[in-house]
Each structure stands twice: as structure tokens, then as C-alpha cells.
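The values are calculated or read from the model by the stated rules, or taken from the named source; none is laboratory data. None of these values were measured; they are calculated from a predicted model. Backbone-built Cβ (ideal geometry, glycine too); neighbour counts: all protein chains shown. To get the accessible areas, we keep the full protein, side chains included, count just its heavy atoms, and leave off ligands, DNA and RNA. Shrake-Rupley method; radii C 1.70, N 1.55, O 1.52, S 1.80 Å.
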Amino acid sequence: MAHAELSLLEQLSTNSAHYSDPLTRLDWQSLDANRPWLPDEAVSLFGLPEYDELSNALKVRLSQYEFTGFIQAGIWLEAIFIERLSKNLRHTQSTQELAYYLHEIREESGHSLMFLKLMEKSGLRLPGVWRHRPFVADFLGRHTPLNTTLFWLAVTIGEEVPDRLNRYVRTEGKDKVDNVIRQMCTLHIIDEARHIAHARSALEASLKHCSTLQRKLLTPLINLLIQQFVRTFYLPSADVYELAGLSHGKQWREMARRNPARRAFILKCLNPTLHMLRSHGFAVRDPQL
């Protein structure tokens, strides 16, 4: 491992050293069941006339269930990260690398426990934590050989796709969403900034040995990964709409999938990641629902 990579890992570990457990840091008692958990613009139906016709109570409930679906998908993804990081511990070649992976496992575990605590406190959850998981993304996440270009592409995309929504809630949610939710997103972003920095650094190092032909061959897989991650985190399941109080959930889901405002919102969130991939020679498409 190059000296620059070791220096980055050491710096990231130093920044992780003052760990703050989100279970004890968040003021769970102040969680308000009558406040939205997403800004209007981040709700899948925003921009449709049918959304404007919903009562305020229904809009609040929908935002809460959409965020619940979002964090439940986060539990699935972080379980993959923890599984792969744990298996990688015995392959570490330096104390810096070992320390960084242990910090990341602790942080990812804290995120998932934080999500579960929110479900417990609010009484909101979706049936089956592991339902509706994208097959290809799940398979590649669990079985792609460690430290390959495809592995770091999957990690980088998997980290960045949900991070963009967390950032939106943090920046645009002031006075619009419940403060506990905004604090939760802030804590998540701080940790993920280190994870993304590491993933991007590892990806850039692996790309030094990746030919133009290899990049071309990897591009269809990258497009599929982006599509599956986007659908998992940005297109709620039919259950979400029905639990929020909207009958015929499949119809509402299809309306969200065709919603031009939703597509524009997703593209705005994902543009930095798409630009990064294109700058590395991957001809990725704009994500589709």
C-alpha cells in the first residue's frame, strides 16, 4: 500500500477516534410524531397534482414512511459493508489499515442501531428488513473480489447514492423536518464523509491499472448498479404508500416512478457522482426509475 494511502487511512482514523454513539447523542424524547421527516421536495410524489390534494397529515405520514423505507434500505446496505469489512480484517497489511476498518465497522454498526432505534421510538417500520433488495447490487456487494476496481466502484456508488439524500435533508430541512431526523442525517453525513473519502481514494488507486477496454466493459455493470441503488433508495415500495394511508400502493408507486419532478430531484442529487464517474472514463447514463 502506497505511503499516501496509509497517510489518508491514519488521518481518517484520527478523525474517527472521538467516536460519539448516536444512540446516546440524539435526543430521542424530542421526536415529534406530527413533524415531517423529509422536506416536501424530497417526497416521491412532490410535483404531482395528486400530492397537492393530500391533507397535511397524510403528507407528514408519507414523509415519515418514505424516510423509514430509506433507512431500512440503509440497514441492508450497511450490513453488506460490515460483512465485507469484517472479512477483510485478516487481509490488512498495516496497523493503519486495520484501525481504519475497525473504526468504519463501529460507525456503520452505530448507523444501523440508530435507524432501528428510530423505528422503535416512532413505532414506524416496514415488514421485513431484507425485502425488496436489488438482486444484482446485493450479489455484487457480497461476492465481488475485495480491492478490485469493480469492488471499489460498488462501494463508492453505494456510499454516495444515499448520502446525497441525507445531505439534502440536512441542508434543506431546517425548520421543515423534525430536528431529531435532521440531527440523525448530520451525524450520518459526518461519518460517511470519511468512508466516501476512503472509497474514492481506493477507487482512484485501482483505476491506475484499469485500461480503456476494461472501463468500457465495466460501464454496463455500473449503470445497472446505479439504477438498482437509485430505485432502492429513491423509489418507495408499494407498502410505504399503503402504510401511510394511500390505498392501491402499486398505483402510487407507478405515479412516483413517472413523476418528472422526482426524476429531476434524483438527477440533482446524483450529478456529482455521475460527473466523477464520467471524469474517470465511464460513459454512465442518467439514472432511470
One residue from 7, 63, 44, 86 being open to solvent by less than 30 Å² (accessible area, probe 1.4 Å), in a helix (DSSP H, G or I) and polar (S, T, N, Q) | 63
Before we move on, is residue 266 open to solvent by less than 10 Å² (accessible area, probe 1.4 Å), within 15 Å of residue 156 (Cβ to Cβ) and β-branched (Val, Ile, Thr)?
-> no
Quick check: anything in the range 272-285 over 19 Å from residue 159 (Cβ atoms), assigned to a helix (DSSP H, G or I) and either open to solvent by 70 Å² or more (accessible area, probe 1.4 Å) or touching a residue at least 60 places away in the same chain (Cβ under 8 Å) (or both)?
-> no
Would the range 154-161 turn up any residue that is modelled with pLDDT of 95 or more, open to solvent by 50 Å² or more (accessible area, probe 1.4 Å) and assigned to a helix (DSSP H, G or I)?
-> no
Enumerate the pairs (first residue in the range 235-255 and more than 18 Å from residue 37 (Cα to Cα) and without any contact (Cβ under 8 Å) to a residue 24 or more places away in the chain; second residue anywhere and open to solvent by 40 Å² or more (accessible area, probe 1.4 Å) and not basic (Lys, Arg)) with beta-carbon separation below 6 Å, excluding pairs fewer than 6 apart on the same chain, so at least 6 apart or on different chains.
-> 249/242
Looking at the range 110-135, which of its residues are open to solvent by less than 40 Å² (accessible area, probe 1.4 Å) and within 17 Å of the chain's Cα centre (by Cα)?
-> 110, 111, 112, 114, 115, 118, 134
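Can you go through 123, 128, 173, 110 and tell me which one is without any contact (Cβ under 8 Å) to a residue 12 or more places away in the chain and under 23 Å from residue 28 (Cβ atoms)? Lay out the reasoning, then the answer.
Values: 128 fails: under 23 Å from residue 28 (Cβ atoms); 173 fails: without any contact (Cβ under 8 Å) to a residue 12 or more places away in the chain; 110 fails: without any contact (Cβ under 8 Å) to a residue 12 or more places away in the chain.
When all the criteria are applied, what remains is 123.
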